[in-house]
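Down below is the structure, laid out as structure tokens.
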Amino acid sequence: MDERLAKTIAAIRESGADWGLFTSPDGVAYALGHISGIEAGPSPFAGGPSLGIVGVNGETGLLVTNLEAGTGSWADLVVTYTGFSFKEPTDIFANYVSEARVLLQRLKVGGKIAVEHHALPASILPLLEGNAIVPVEPAFRRQRAIKTRTEIGLLREAALTASEGQKAFLSTTRAGMSELDVFAAVRLAMETRAGERLPVTGDLISGRGRTSQFMGWPGNRILERGDPLICDLAPRVAGYWGDSCASAMIGQPSSGFEKLFSAARTALDLAIETIRPGLGIDTLDQRLQASITRHGYSYAHHSGHSIGTSVHEWPRLVAYERETLREDMVIMVEPTALDPDIGGVRLEYMLRVTSTGCEVLTDFEHRPGIPAR
């Protein structure tokens, strides 16, 4: 049994349930190893989200469209429904509900059922009538926070893929290019490493105004010498997300930008030096905030987040989080320093908490300047 399935079963038991129903793309990927397509949004040939079912005794089932028949998972029973049809009309929504009923009946699902409330479609609710429904999210997120050896390997590869994008950002960006030109080179580098098209999220922004607000996708803006840039890249590779953020100025960095960069870099180095099992996340966040404040900047961003089959997982690195770091958590640390008169700097690495400290999974070097050519 895959360790992730065993941890999923543990979450269902902790929820006091007999069965678990998973309908979020990241939940289904974690529980059953099925990687849903997400880049184009919900498929027009799907009557609902992929549906994963797990019983506390190890029974597993998966419902997907006929277009996904044969895709990988470790579900024992895979049921498909007609979503794509061109020879005759079909009711995709009715097909989805009908085959979901079949799957529930074949597995004899009943009793107390734990569901992902945030992702459960209304169409499934009538099929669960007569059963007790409880949330699985609290227990599920705790189980997912500690990564298995397999997950760490997948996250390492996702981190290295993001790193390839950052290396391309730092080596190819030039004055005269558009933000979209840069993003094309960045995406090509990541997808070349992965050998396939990848879902990607993040930010690629330039200029004093945009970087001091720190979020946004690339556009047609033409880069100029002296522009600050923020490149935050999160590709999904084999169902697991990488993440990273680099910031630099085209040409010789100004003294003001150097100060911003130093503030963020000092905080990132502080995190790498101090992270260890048992450290309170609120304490870590307070230390990073204090570090940025000592450099004269206010704190305008969270300190980071966990990562896995979702790009943002629990626990987040925020002041109100009372969880402590534990071995084999994988977290993103991304201190940010902003000055509206100069721009912004955000520097981010992916870190695995080890038994004595942390391991940096990202392998590109932050540097404040991009040579002007």
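What per residue convex hull volume, in Å³, do the alpha-carbon atoms of the chain yield?
Convex hull volume per residue, Cα atoms: 142 Å³.
Per the Kirkwood treatment, what hydrodynamic radius in Å, one decimal, follows for the range 190-287 from the mean inverse distance over all distinct Cα pairs?
After inverting the pairwise mean of 1/r, the radius is 15.8 Å.
Cys358: accessible area at probe 1.4 Å, nearest 10 Å²?
30
Val360 versus Arg322, label points 7 Å from Cα toward the beta carbon: distance in nm?
3.4
On each of the three principal axes of the Cα atoms of the range 155-237, give max minus min coordinate, whole Å, ordered largest first.
Principal-axis extents of the range 155-237 (Cα, largest first): 33, 23, 17 Å.
Leaving ligands, DNA and RNA out of it, work out the accessible area of Thr90 with a 1.4 Å probe and give it in Å² to the nearest 10.
Per-residue accessible area (Thr90): approximately 60 Å².
Let me check something: with ligands and nucleic acids excluded, how do Arg142, Arg4 order by accessible area (1.4 Å probe), largest to smallest?
Arg142, Arg4
How would Val360, Val134 line up by accessible area, probe 1.4 Å, largest first?
Val360, Val134
Determine Rg/Rh for the range 1-149; Rg is computed over alpha-carbon atoms and Rh is the Kirkwood hydrodynamic estimate from the same atoms.
On the Cα set of the range 1-149, Rg over Rh gives 0.95.
Give me log10 I(q)/I(0) at q = 0.11, 0.26 Å⁻¹ for the range 277-349, Debye formula, one equal scatterer per alpha-carbon, no solvent.
-0.28, -1.21
With just the Cα atoms defining each centre, how far is the range 1-65 from the range 168-210? Give it in Å.
The distance from the Cα centre of the range 1-65 to that of the range 168-210 comes to 33 Å.
Using a 1.4 Å probe on the protein chains only, how many percent of the accessible area of the range 22-129 belongs to carbon and sulfur?
Numbers: 2800 of 5060 Å².
With neighbouring chains kept in place, the figure for the range 22-129 is 55 percent.
Using the Cα atoms as the points, what is the convex hull volume per residue of the range 61-146 in Å³?
In the range 61-146, the Cα convex hull volume per residue is 125 Å³.
Rounded to the nearest 0.05, what FRET efficiency do Phe93 and Ser255 give with R0 = 56 Å and r taken as the Cβ-Cβ distance? Could you check?
Numbers: r = 61 Å, r/R0 = 1.08.
Efficiency, rounded to the nearest 0.05: 0.40.
Roughly how many Å is it from the Cα centre of the range 255-293 to that of the range 84-156, as a whole number?
The distance from the Cα centre of the range 255-293 to that of the range 84-156 comes to 40 Å.
Which helices pass in the chain if a helix is a full DSSP H run, must span at least 15 angstrom along its long axis by Cα, and must have mean Kyte-Doolittle hydropathy not below -1.0?
Helices passing the filter in the chain: 3-14, 92-106, 149-172, 179-194, 255-274, 281-294.
So, with a 1.4 angstrom probe, what is the percent of accessible area on the range 232-373 that is carbon and sulfur?
47
Count the lysine pairs in the chain whose Cα atoms sit under 27 Å apart, keeping only pairs 8 or more residues apart in sequence or on different chains.
Value for the chain: 5.
Okay, which of the range 17-61 sit inside 18 Å, backbone N to the point 7 Å along the Cα-Cβ direction of Ala122?
Label zone hits: 47-49.
Just by accessible area at a 1.4 angstrom probe, what is the order of Glu348, Glu3 from largest to smallest?
Listed by decreasing accessible area, they come as Glu3, Glu348.
Enter the accessible area per residue of the chain (Å², integer; probe 1.4 Å; all protein chains in place).
41
Rg to Rh ratio, the range 230-373, alpha-carbon atoms and Kirkwood radius?
Here the Rg-to-Rh quotient is 0.97.
Leaving ligands, DNA and RNA out of it, report the carbon-plus-sulfur percent of the accessible area of the range 165-209 at a 1.4 Å probe.
Answer for the range 165-209 is 53 percent, counting heavy atoms of protein chains only.
The values are calculated or read from the model by the stated rules, or taken from the named source; none is laboratory data. Keep in mind that this is a model prediction, so the values were computed, not measured. Note that each Cβ is placed from the backbone with ideal geometry, even for glycine, and that neighbours are counted across all protein chains shown. Note: accessible area is taken over every heavy atom of the protein model, side chains too, but ligands, DNA and RNA are not part of it. Shrake-Rupley method; radii C 1.70, N 1.55, O 1.52, S 1.80 Å.
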